[in-house]
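Structure first, then comments.
The values are calculated or read from the model by the stated rules, or taken from the named source; none is laboratory data. Values in this document were obtained by computation on a predicted structure and should not be read as measured data. Backbone-built Cβ (ideal geometry, glycine too); neighbour counts: all protein chains shown. These area figures cover heavy atoms from the full protein model, side chains too; ligands, DNA and RNA do not enter into them. Shrake-Rupley method; radii C 1.70, N 1.55, O 1.52, S 1.80 Å.
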Amino acid sequence: MTVHERAGTPARPEDLVDVPALLAAYRDVHPDPKVDVQRVAFGTSGHRGSAFTATFNDDHIAATSQAIVEYRAAQGIDGPLFLGRDSHALSEPAWRTAAEVFTANDVTLVVDSRGGLTPTPAISHAILVANTGEGGRAGSAGSGRLANGAGSGRLADSAGSGRLADGVVVTPSHNPPADGGFKYNPPDGGPAGTEATTWIANRANELLEAGLAGVRRSTTIDPGRYDFLGEYVAQLDQVLDMDAIRDAGVRIGADPLGGASVDYWGAIAERYGLDLTVVNPTVDPAFGFMTLDWDGKIRMDCSSPYAMASLITRMAPGGAGARPADAPFRIATGNDADADRHGIVTADGGLMNPNHFLAVAIGYLYAHRPGWPAAAGVGKTAVSSSMIDRVAADLGRPLVEVPVGFKWFVPGLRSGEIGFGGEESAGASFLRRDGSPWTTDKDGLLLALLAAEITATTGRTPSEHYRELTARFGEPAYARTDVACTREQKAALGRLDADAVTATELAGDPITAKLTRAPGNDAPIGGLKVVTGSGWFAARPSGTEDVYKVYAESFRGPDHLAAIQAQARDVVSAALAG
């Protein structure tokens, strides 16, 4: 990976997207469904693209919204549909397009009562509360606590009536300002599974091919209202020890990175009496306050040291050698634009690698949540650090390793079969303190506040806890690289059989497992993973570029990691050739 010469430096005027031109392109540019890249395509978290490239335009959202209407009808989903958006420039017009289609099709549409931005976890939380009752385990009847009508905080009673709620979040997550995104969350509250997204995308593309014939729209919308912020914030103490954070006086700096969490952080501080400062309350669709990411682009990636450079610098005002006591906050946090990811900065360790914080969070939670099911497992993706494997084994908890994508954690979080699900790209969620579901989608606010709880109750920061883990289990070296390949090779890698791997050793160690299916749920991982006693690699085709991604880790240091990475290419090439 070649790092841009201006990575980590403030954006300049020439770096900023032309917002008026972008909005005009959303309205005026029409995709050609005969061009593959201009069709609706759902990745691991919805359809994404840019109006400038005819990959995210009014036609796409109208067709996708109509497809969701028809999917809901086919599945018997007739309760409220919660509709939220983030702060990207394309999110507001796409939100309007979707609202017009849902209204014309007599969907019970529900939007934010404050007219504000809505984080992904707030949508997931609202769906679960509506369908299970507040704090109830999935599948149980509850009060729903909902009432129709503009300005009301809650909606009509859907729990226990058979009317299931679902939701849509208009967001491209951490993507650059010129991008838009549109993702569907079914009644289980989590990201839609492949079966649902394939059906929706296929139907949306049929509608595009038909020139949008069959798409119904209304220029007048009169939705129901729901206080996403109020309901989410009010229940946080059911999942976190907010009293401990307050009583310990943990100084917290929260940077929403211009995203949907901006109003949530102030409300959380006020309700629970926290020593919390929103370090940057600015909302700007061009995200002109950002520092450039590794490739010179503006990207709200709260796990990137380049995108988080301003907050990292603020935590070390005296430079790299500054004392932790001089930092303005004990814990500083960042969120991406829809707040489903977290970045954790500590005064004593800087920005934590997401894998490191996941391992610390798991070790802490399973020791401090006596209300969780005794057999609740630990959920991780196949490309997350095997430090998590060691922590889970030490806890005596089953490890549930699944393919990439948070959707795979949804059944376990709903049932309580897993207490925590996390992925290497800084996304995670976990159960309420009584063992019932909180969200079944990633929750960046939750994980950021967990860092403060850990600090409050143990007196040590997550960075200190991770150093303790490495002292016990060894210090892994982890990296992801890209390898150029053809589209044909990408397709072959995605359907590779483990028997195609003939190698018996990896970087000098005997291979102990060759995986093309995840051991936690036997679902295809969409690539290959090769494991030894001291390291592993996983190769997965990119969904957008002609490369495959190689994730690798070694518990024997950077040189051994480099050896694994080098041999990984040979192993993959041989398997594809065979």
Compute and list, largest first, the equivalent-ellipsoid semi-axes of the range 411-454 from the alpha carbon gyration tensor, each √(5λ) rounded to a whole angstrom.
17, 13, 8
Taking the structure as given and computing mean projected area of the Cα convex hull in nm², which label from (i) 39.6; (ii) 43.2; (iii) 24.6 fits?
(iii)
Probe 1.4 Å, protein heavy atoms only - accessible area per residue of the range 382-506 in square angstrom:
35 Å²
Cross-link pairs 490/514; 183/442; 297/549; 380/442; 34/442; 514/549 - those with Cα-Cα distance over 23 Å
34/442
Amide H of residue 78 versus every other amide H placed in the peptide plane: which residues, excluding those fewer than 5 positions away on the same chain, fall under 5 Å?
164
At a probe size of 1.4 Å, how large is the accessible area of residue 30, to the nearest 10 Å²?
120 Å²
Summing -39500 (n - 2.57) over the DSSP H runs of n ≥ 4 in the chain and dividing by its residue number, what mean residue ellipticity at 222 nm do you reach, to the nearest 500 deg cm²/dmol?
-10000 deg cm²/dmol
Size of charge dipole - the chain - debye, nearest 20, with Cβ of Lys, Arg +1 and Asp, Glu -1, no other charges
560 debye
Of all accessible surface on the range 251-329 at a 1.4 Å probe, what whole percent is carbon and sulfur?
51 percent
Provide 52, 42 ordered by accessible surface of protein heavy atoms (probe 1.4 Å), highest first.
52, 42
Inter-probe distance in nm under a simple model that places probes 7 Å from Cα toward Cβ, at residue 522 and residue 21:
5.4 nm
Provide the packing ranking of 183-192, 200-209, 480-489, i.e. peptides ordered by the mean count of other C-beta atoms within 10 Å per residue, highest first.
183-192, 200-209, 480-489
Specify whether the C-alpha gyration tensor of the range 517-578 places it in the rounded, prolate or oblate class, a ≥ b ≥ c being the square roots of the eigenvalues: rounded for a/c under 1.5, otherwise prolate if a/b is larger than b/c and oblate if not.
oblate
Nearest-10 value in Å² for the accessible area of residue 446, using the 1.4 Å probe
0 Å²
Antiparallel DSSP bridges in the chain: what percent, to the nearest 5?
65 percent
With each pseudo-label sitting 7 Å past Cα toward Cβ, what's the residue 573-residue 202 distance in nm, one decimal?
3.8 nm
So which aspartates and glutamates pass the test for residue 529, namely a Cα distance under 14 Å, with those fewer than 8 places away in the same chain ruled out?
401, 497, 499, 505, 553, 570
Mind putting together the pair-distance distribution for the range 184-301? All Cα pairs, 10 Å bins, whole percent per bin, short to long.
10, 22, 27, 28, 10, 3, 0
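Starting from the Cα coordinates of the range 324-479, work out the convex hull volume and express it per residue in Å³.
Convex hull of Cα atoms, per residue: 105 Å³.
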If you take every DSSP beta bridge whose two residues both sit in the range 365-437, what share of them, in percent to the nearest 5, is antiparallel?
35 percent
Cut-off 20 Å (backbone N to label point 7 Å along Cα→Cβ of residue 30), residues of the range 207-238
207-219
With all protein chains in place and a 1.4 Å probe, residue 277 shows an accessible area in Å² (nearest 10) of 60 Å²
I need the shape label for the range 489-532. Rule: rounded when a/c is under 1.5, else prolate if a/b > b/c, else oblate, with a, b, c from the alpha carbon gyration tensor.
oblate
Spin-label zone in the range 332-359 - amide nitrogen under 17 Å from a point set 7 Å from the Cα of residue 325 along the C-beta vector:
347-349
Between residue 213 and residue 495, how many nm apart are label points set 7 Å from Cα along the C-beta direction?
3.4 nm
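Work out how much length residue 368 to residue 417 would gain on full extension: take 0.36 nm times their residue separation and subtract the Cα-Cα distance, in nm to one decimal.
Taking 0.36 nm per residue and subtracting the Cα distance, the gain is 15.9 nm.
Classify the range 73-139 from the C-alpha gyration tensor, please: rounded if a/c falls under 1.5, else prolate or oblate depending on whether a/b exceeds b/c.
Note, shape of the range 73-139 comes out oblate.
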